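Throughout, read-outs are computed from the coordinates displayed, never taken from laboratory work. What you see is a predicted model; the values in this text were computed from it and never measured. For neighbour counting, all protein chains shown are included, and Cβ atoms are generated from backbone atoms with ideal geometry for every residue, glycine included.
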Amino acid sequence: MHEFASGDFHGICSYYRNSVSIMYCIQPQNLLSMGWPAETDSAGLLRPSQRPISNQDRNDGMSLGDTALVAQLKTLADERLARVRRKMEAEGYDLVVVASPENVLYAAGYESMGATINRRYDYAALITRDTVLLVAPAADFAPAIDAGLIPDDIFPFGKFFFSGSTPSAHTAVRHTSFSDAFEAAMRRVRANRIVAEKAYLPHTAIDHLVRKDGDIADATSWMFAVRAVKLPFEVRLLRYATEITQQAIDAGITAARVGMTDKEVASVVASRMSLGGGLPRNVTVVGGERSALADAMSSERPLQKGDLLRFDVGCSYYGYKSDMARTAVIGKPSSLQSERYTALLEGLLVAIDRMRPGTRARDVFAAGVAAVEDHGLKPFRRQHIGHAIGMAVYEAPVITPESEDILVAGTAFCLETPYYEPGWGGMMVEDTGTLTEEGFQLFSSSDRTLRIVAD
């Protein structure tokens, strides 16, 4: 996934706020070439029961396309809000103000489409001990009600118009700007101690909070702490997002051929994730020497015999992210390709084995890097070899050489050992799982060896 410097959490926040959801479409006749069941409905779409649900999810009631999942998601939203309020009470805060897409969804249960596509989207959720208020553009008013928020607790600003017999409250201009709407929402709140997501809030909102309570705590690390240990249903959503992703990578490897472009392979991967119910977020599929470019876009370059083909892919499923990587080679791998990949895989396996509650993140890093170098790939230089994951791809902690963070059961992580050499190529293997009292339990199960594409 995107490469950040150690501890660059503001960079993490900016990157994911600016990311864009990408949806891809394919024709029904192409499903067979992707290894997908060909039976579709009259509109050419897979019915919900045909989506790739794991046996575990079939057995425990997580079924797509029915009301059960809707109810489960509502229960999860209530549990997340309760967590936020417990931490507020324990630390004596009266108000939490969040404004990043992940934290608004986590605390308020609302996912704004506008916030996923607009790099400077002004909105915020205000969480008190007994109320959830939303300040957002007028276009968010109806979707927020649809998500379960109370109309009187939404403070829309700007203009948006519905036609027909729409209630006037849905089209009336209640506030002209974010600042006006935010101040109106704050008049509903009595707060002596406030924690706010300063990196995302407009300066006008921060100024208003400072006037309310001169000492405003920062909510960035505060919310990371709330979100760190995953609820049981969060784990299931993360697992399913990973299953969609690994099936998509497998479909891309199966479809890849000499003469096919990176972009064509990427479209197969993205389409497969979409058909599984995921929103493709990062689809890095690069071949040849360009495989050394960590976050490059796919190109129109045709694949050639001997090329490395690197996949670093993720999606979002009801707000929960996936992040996986695999590497393939077009035709028989060279001895150098095989040796280097073997070293990277050994490093990953050692890192997975070291993931235990109570272990320092830096010790996992040291063990993983040492294993790569012990198997001949030396020096192996990395700023990190993994990161927590949840509603954001990059969450805290990150597995860095400096990190003193102690691993805790119930957290979810991606572990990775990438190698990038300009002029030669790049390869990586990355897996996702959850840390239990017994060790690291993988979500991903697909073949992690160097995959061979028939030339």
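Can you classify segment 118-157 as rounded, prolate or oblate using the Cα gyration tensor, where a ≥ b ≥ c are the square roots of its eigenvalues, rounded means a/c under 1.5, and otherwise it's prolate if a/b beats b/c and oblate if not?
Details: a/c = 2.16, a/b = 1.34, b/c = 1.61.
Oblate.
Name the long-range amide H neighbours of residue 329: under 5 Å, sequence gap of 5 or more, or other chain; modelled H, no Pro or chain starts.
The list, which skips near neighbours in sequence, is 309, 451, 452, 453.
Convert each backbone phi in segment 255-264 into a coupling constant with the Karplus relation 6.51 cos²θ - 1.76 cosθ + 1.60 (shift: θ = phi - 60°), then list the ³J(HN,Hα) values in order as whole Hz, x for Gly and Pro.
7, 4, 8, 4, x, 6, 8, 3, 5, 5
Specify whether the C-alpha gyration tensor of segment 299-393 places it in the rounded, prolate or oblate class, a ≥ b ≥ c being the square roots of the eigenvalues: rounded for a/c under 1.5, otherwise prolate if a/b is larger than b/c and oblate if not. Walk me through the intermediate numbers first.
Working: a/c = 2.81, a/b = 1.18, b/c = 2.39.
Oblate shape, in that a/c is at least 1.5 and b/c is the bigger or equal ratio.
Rounded, prolate or oblate: which fits segment 67-228, taking a ≥ b ≥ c as square roots of the Cα gyration tensor eigenvalues, rounded meaning a/c under 1.5, else prolate when a/b beats b/c? Spell out each step's value before the answer.
Values: a/c = 1.78, a/b = 1.21, b/c = 1.47.
In terms of gyration-tensor shape, oblate.
Starting from the amide H of residue 155, placed 1.01 Å from N in the peptide plane, find each other amide H under 5 Å away whose residue is 5 or more places distant or on another chain.
The answer is 134, 135, 136.
Please list 273-281, 245-253, 193-201 highest first by mean number of surrounding beta-carbon atoms within 10 Å per residue.
Working: 273-281: 23.1, 245-253: 24.8, 193-201: 21.2.
So the order, starting with the most tightly packed, is 245-253, 273-281, 193-201.
Sort 291, 100 so that the residue with the fewest other Cβ atoms within 10 Å of its own Cβ comes first and the one with the most comes last. Please report the intermediate quantities before stating the final value.
Details: 291 29, 100 25.
Going from sparsest to densest Cβ surroundings: 100, 291.
Kindly flag which residue pairs out of 321/378; 263/305; 159/321; 230/321; 263/378 have an alpha-carbon separation exceeding 21 Å in this structure.
321/378; 159/321; 263/378
Apply the Karplus parameterisation 6.51 cos²θ - 1.76 cosθ + 1.60, with θ equal to phi minus 60°, to every residue of segment 328-339 and state each ³J(HN,Hα) to the nearest whole Hz, in sequence, with x for glycine and proline.
10, 10, 7, x, 6, x, 6, 4, 5, 4, 5, 5
Fewest to most neighbouring Cβ within 10 Å: what's the order for 411, 67, 128?
Numbers: 411 22, 67 8, 128 17.
Fewest to most other Cβ atoms nearby, the residues stand as 67, 128, 411.
Enumerate by residue number the GluC sites (Glu not before Pro) in segment 263-311 meeting two conditions: DSSP loop (anything except H, G, I, E, B), and at most 13 other Cβ atoms within 10 Å of the site's Cβ. Can you show the working numbers first?
On the way: sites: 264, 289, 300; in loops: 300.
Taking segment 263-311 and a limit of 13 other Cβ atoms within 10 Å, the loop GluC sites (Glu not before Pro) found are 300.
Could you list which residues have their amide H under 5 Å from that of residue 444, counting only those 5 or more apart in sequence or on another chain, with H placed in the peptide plane?
432
Order these by the 10 Å Cβ neighbour count, fewest first: 231, 345. Intermediate values should be presented prior to the final figure.
Values: 231 15, 345 20.
The fewest-first ordering by Cβ neighbours comes to 231, 345.
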